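Peer 1: A single structure is presented below for examination.
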Amino acid sequence: MSADSKPHNRLAGDLLVSLTTFVIFIIGWEAAVRGLNISKIVLPPPSAVAIALWESLRGGELHWHVAVTLYEVLAGFLVGSIGGLALGFVIALSPPMERIFYPYVVAFQTIPKVAIAPIIVIWFGYGVASKVVITATIAFFPLLANTIIGLRAAPQDQVEMMVSYTASRWQVFRMVRLLQALPYIFVGLDVAIVLSVIGAIVGEFVGAKAGLGYLILQKNFNFDMAGTFAILIILSAIGVGLHGLIGIAQRRIVFWMDMAGERVVGA
Amino acid sequence: MNPVTQFAPTSLRRPAVADSGVNSKCLVRISGLEKIYQAKDGKHIHALQDINLDIQPAEFISIVGPSGCGKTTLLKILAGILQRSAGDVIMQGRSLSGPSRELGVVFQAPVLLPWRTVLQNVMVPVEIQRRDRTEFEARARQLIAMVGLSGFENKYPFELSGGMQQRVGICRALVHDPSFLLMDEPFGALDAMTRESMNEELQRIWSQSRKTILLVTHSIPEAVYLADRVVVMTPRPGRIVDIIPVELPRPRSLGMQTTAEFGRFVAGIRRHFTSAGTLDT
């Protein structure tokens with residue numbers, strides 16, 4: 001076995017490749033903008049974006065907008081995923097409930113949330129509340145769907161093993177189904193957190209007094225392309241960070257999935 | 001699991017007790033047992049046909065037969081996790097209606113819960129049946145040591161080899177000290193050497209604890225080596241074609257497998273499959 005096949009070495013190698021790609025991409029971008037003389041209203045050079053980013057971070061104004069958007073994202077994510085989780089449990093555990101509720105849930109899901117965002121803003125106002133609601137409606141479905149699938153994912157042989165030792169329905173649920181659902185629930189959380197960032201921005205686009213989406217619109221009106229790009233970078237950093245936090249929680253809680261994967265790779 | 005509750009014509013059923021003679025001592029009495037599955041195309045599959053078997057307390061019974069002869073179906077019915085279509089199973093004087101606390105089941109696959117350590121997996125029946133944890137944990141540790149897994153108590157299943165996982169499954173079946181052990185090809189996934197040592201271990205467990213054991217296996221020598229009686233089954237429909245008492249002295253050694261007497265028992269069983277053309281092992 002060569003040293004390269006060790007996991008952390010491979011990780012370092014991957015990081016090197018993606019960093020190199022990034023640097024080449026940035027240099028190419030800068031060169032293209034300068035060489036082709038592209039107007040910075042159309043496409044700002046990375047150097048201008050970097051300066052705009054630095055200045056926004058230095059000024060106190062940005063922090064407030066980041067806080068507003070982050071609050072909307074987290075509150076909406078929390079409300080939506082708890083709702084999805086709860087309804088998922090109800091539906092998974094009761095087939096009649098599934099027949100009654102699920103068609104409506106699917107119908108609701110097929111409506112683009114962007115389309116109902118203006119309605120929600122009218123109902124809940126231009127403040128934070130409407131963004132939390134929009135975000136919650138988007139975060140809801142991934143949790144619902146994954147909770148239902150997860151609670152039904154327990155392999156038949158595990159259930160039979162439990163039952164053969166006289167386990168009750170509740171014991172099978174508590175000792176097997178719930179834990180088998182966890183990996184699925186984490187997939188739902190991961191999808192939901194990324195969608196939540198989109199939800200908050202969509203809400204702010206429709207009508208807001210603060211937040212990063214509001215700031216993007218402001219910069220756009222002023223043809224401040226570099227400033228817009230700077231905010232996009234901050235937004236994606238927020239998304240990546242939240243996704244990373246979910247990943248850390250997942251690896252700690254659903255440890256057996258990761259380990260099983262590691263075993264296959266190492267084999 | 002979709003049990004077909006359609007009953008076979010009663011003419012197929014044999015009066016159970018009259019044939020074998022009343023024996024009040026017997027632990028399990030299977031009479032006229034039928035299992036019919038409904039396939040997706042609507043056809044009925046006769047998985048078990050007219051199964052009659054009396055099992056005595058502390059008896060070791062092996063069931064041999066090729067794939068599809070209904071061995072696993074029979075075992076699942078006895079474990080109370082699959083419903084029968086017709087016939088009766090009397091266990092300790094009562095008609096079987098579900099799983100029993102007096103039962104330990106070893107499955108073909110280890111079926112361990114991946115989020116539980118070896119010890120926690122072995123303790124599953126104790127937790128389900130709300131038995132005394134401290135008392136049975138000591139027993140669980142003894143069993144783990146017995147199958148050679150000392151030091152692995154706090155490892156997770158994915159840290160063990162397949163053979164080690166299967167041994168954890170065997171400990172789990174024994175932890176609550178059941179009087180009746182059902183084993184469905186428990187050693188099928190093990191390498192030949194581990195398998196032989198597990199066979200010896202099982203014989204030792206059986207002779208010390210005097211449990212009643214029903215072992216389903218593909219291996220005729222394994223069946224003969226371990227059993228008091230070997231039940232021979234053939235497929236389509238799954239039925240018992242012969243029950244052969246193995247009159248070899250105990251304790252049996254692995255070396256005994258090369259003797260002519262042992263070979264005669266093996267040959268006598270194999271004959272059933274070669275003549276029927278259903279041997280697939």
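Peer 1: Among the numbered criteria (1) within 14 Å of chain A (Cβ to nearest Cβ); (2) surrounded by fewer than 19 Cβ atoms within 10 Å (Cβ to Cβ); (3) of a type in the set (V, I, T), which one does B:V175 miss?
Peer 2: Going through (1) within 14 Å of chain A (Cβ to nearest Cβ); (2) surrounded by fewer than 19 Cβ atoms within 10 Å (Cβ to Cβ); (3) of a type in the set (V, I, T) one by one, B:V175 breaks only (2).
Peer 1: Next question. So which of A:I149, A:I138 is more than 17 Å from A:I253 (Cβ to Cβ) and touching a Leu at 6+ places or on another chain (Cβ under 7 Å)?
Peer 2: Testing whether each residue is more than 17 Å from A:I253 (Cβ to Cβ) and touching a Leu at 6+ places or on another chain (Cβ under 7 Å) leaves just A:I138.
Peer 1: Here's another thing I want to ask about it. Going residue by residue through the range B:126-133, is there one that turns out to be over 17 Å from the mean Cα position of the chain (by Cα), surrounded by 20 or more Cβ atoms within 10 Å (Cβ to Cβ) and within 14 Å of chain A (Cβ to nearest Cβ)?
Peer 2: Yes: one or more hits.
Peer 1: Tally time: how many residues in the range A:28-71 are closer than 17 Å to A:N222 by Cα and in contact with a Gly (Cβ under 6 Å, 6 or more places away or on another chain)?
Peer 2: Within the range A:28-71, residues that are closer than 17 Å to A:N222 by Cα and in contact with a Gly (Cβ under 6 Å, 6 or more places away or on another chain) number 1.
Peer 1: Which of the following residues is within 20 Å of B:P245 (Cβ to Cβ) and not charged (D, E, K, R): B:I45, B:I63, B:I90, B:I36?
Peer 2: Matching residue, one of B:I45, B:I63, B:I90, B:I36: B:I63.
Peer 1: Among (1) in contact with a helix residue (DSSP H, G or I) (Cβ under 6 Å, 6 or more places away or on another chain); (2) within 12 Å of chain A (Cβ to nearest Cβ), where does B:L103 come up short?
Peer 2: Unmet for B:L103, out of (1) in contact with a helix residue (DSSP H, G or I) (Cβ under 6 Å, 6 or more places away or on another chain); (2) within 12 Å of chain A (Cβ to nearest Cβ): (1).
Peer 1: Looking only at the range A:140-188, which residues are touching a Phe, Trp or Tyr at 6+ places or on another chain (Cβ under 8 Å), of a type in the set (A, V, I, L, M) and buried (at least 18 other Cβ atoms within 10 Å of the Cβ)?
Peer 2: The answer is A:L151, A:M161, A:L179.
Peer 1: Go through the range B:139-176 and report how many residues are among the small types (G, A, S) and at pLDDT 90 or above.
Peer 2: 6
Peer 1: Could you tell me whether any residue of the range A:170-183 is farther than 30 Å from B:I81 by Cα and either aliphatic (A, V, I, L, M) or in contact with a Cys (Cβ under 8 Å, 6 or more places away or on another chain) (or both)?
Peer 2: No, every residue in the range A:170-183 fails to be farther than 30 Å from B:I81 by Cα and either aliphatic (A, V, I, L, M) or in contact with a Cys (Cβ under 8 Å, 6 or more places away or on another chain) (or both).
Peer 1: List every residue pair whose Cβ atoms lie under 7 Å apart, where the two residues are 6 or more positions apart in sequence or sit on different chains, the first residue falls within the range B:36-52 and is within 20 Å of B:I63 (Cα to Cα), and the second residue, located anywhere, is of a type in the set (F, W, Y).
Peer 2: Once the first residue is within 20 Å of B:I63 (Cα to Cα) and sits in the range B:36-52, its partners that are of a type in the set (F, W, Y) give B:A47/B:Y37.
Peer 1: Please work out if B:V111 is out of contact with any His (no Cβ under 6 Å at 6 or more places or on another chain), hydrophobic (A, V, I, L, M, F, W, C) and at positive phi.
Peer 2: yes
Peer 1: Another one. Restricting to the range A:88-136, name every residue that is among the charged types (D, E, K, R) and crowded, with 16+ Cβ neighbours inside 10 Å.
Peer 2: A:K113, A:K131
Peer 1: Does B:L113 satisfy being within 10 Å of chain A (Cβ to nearest Cβ) and over 17 Å from the mean Cα position of the chain (by Cα)?
Peer 2: Yes, satisfied.
Peer 1: Consider only pairs whose beta carbons are under 7 Å apart and that are at least six residues apart or on different chains; among these, list those whose first residue lies in the range B:142-161 and is within 14 Å of another protein chain (Cβ to nearest Cβ) and whose second residue is in a loop (DSSP other than H, G, I, E, B).
Peer 2: What qualifies is B:N154/B:T117; B:K155/B:T117; B:Y156/B:P114; B:Y156/B:T117; B:P157/B:L112; B:P157/B:P114; B:F158/B:P114; B:L160/B:F152.
Peer 1: Return the residues of the range A:53-73 that are surrounded by fewer than 17 Cβ atoms within 10 Å (Cβ to Cβ) and either modelled with pLDDT of 95 or more or touching a Leu at 6+ places or on another chain (Cβ under 8 Å) (or both); say none if nothing qualifies.
Peer 2: Scanning the range A:53-73 gives a single hit, A:Y71.
Peer 1: Another question, then. Give the residue that is farthest from the other protein chains (Cβ to nearest Cβ), with candidates limited to residues of the range A:133-163 that are small (G, A, S) and under 15 Å from A:D190 (Cβ atoms).
Peer 2: A:A139
Peer 1: Does A:I41 qualify as being over 27 Å from the mean Cα position of the chain (by Cα), within 23 Å of A:V240 (Cα to Cα) and touching a residue at least 24 places away in the same chain (Cβ under 8 Å)?
Peer 2: no
Peer 1: Can you report the number of residues in the range B:205-227 which are within 12 Å of the chain's Cα centre (by Cα) and β-branched (V, I, T)?
Peer 2: 4
Peer 1: From the residues in the range B:95-139 that are outside any loop (DSSP other than H, G, I, E, B) and touching a residue at least 60 places away in the same chain (Cβ under 8 Å), which one is farthest from B:S179 (Cα to Cα)?
Peer 2: B:V106
Peer 1: Give just the number: which of (1) under 24 Å from B:K76 (Cβ atoms); (2) in contact with a helix residue (DSSP H, G or I) (Cβ under 8 Å, 6 or more places away or on another chain); (3) not hydroxyl-bearing (S, T, Y) does B:L149 not satisfy?
Peer 2: (1)
Peer 1: Can you find a residue in the range A:18-29 that is on the phi < 0 side of the Ramachandran plot, small (G, A, S), assigned to a helix (DSSP H, G or I) and without any contact (Cβ under 8 Å) to a residue 40 or more places away in the chain?
Peer 2: Checked the range A:18-29: at least one residue is on the phi < 0 side of the Ramachandran plot, small (G, A, S), assigned to a helix (DSSP H, G or I) and without any contact (Cβ under 8 Å) to a residue 40 or more places away in the chain.
Conditions (1) more than 14 Å from chain A (Cβ to nearest Cβ); (2) under 15 Å from B:L33 (Cα atoms), marked per residue:
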site	(1), (2)
B:L53	yes, yes
B:F60	yes, no
B:C69	yes, yes
B:L96	no, yes
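Peer 1: Only one of these conditions is not met by B:R172: (1) over 23 Å from B:E196 (Cα atoms); (2) touching a residue at least 12 places away in the same chain (Cβ under 8 Å). Which number is it?
Peer 2: (1)
The values are calculated or read from the model by the stated rules, or taken from the named source; none is laboratory data. Values in this document were obtained by computation on a predicted structure and should not be read as measured data. As a convention, Cβ positions derive from the backbone with ideal geometry for all residues, glycine included, and neighbour counts pool all protein chains shown.
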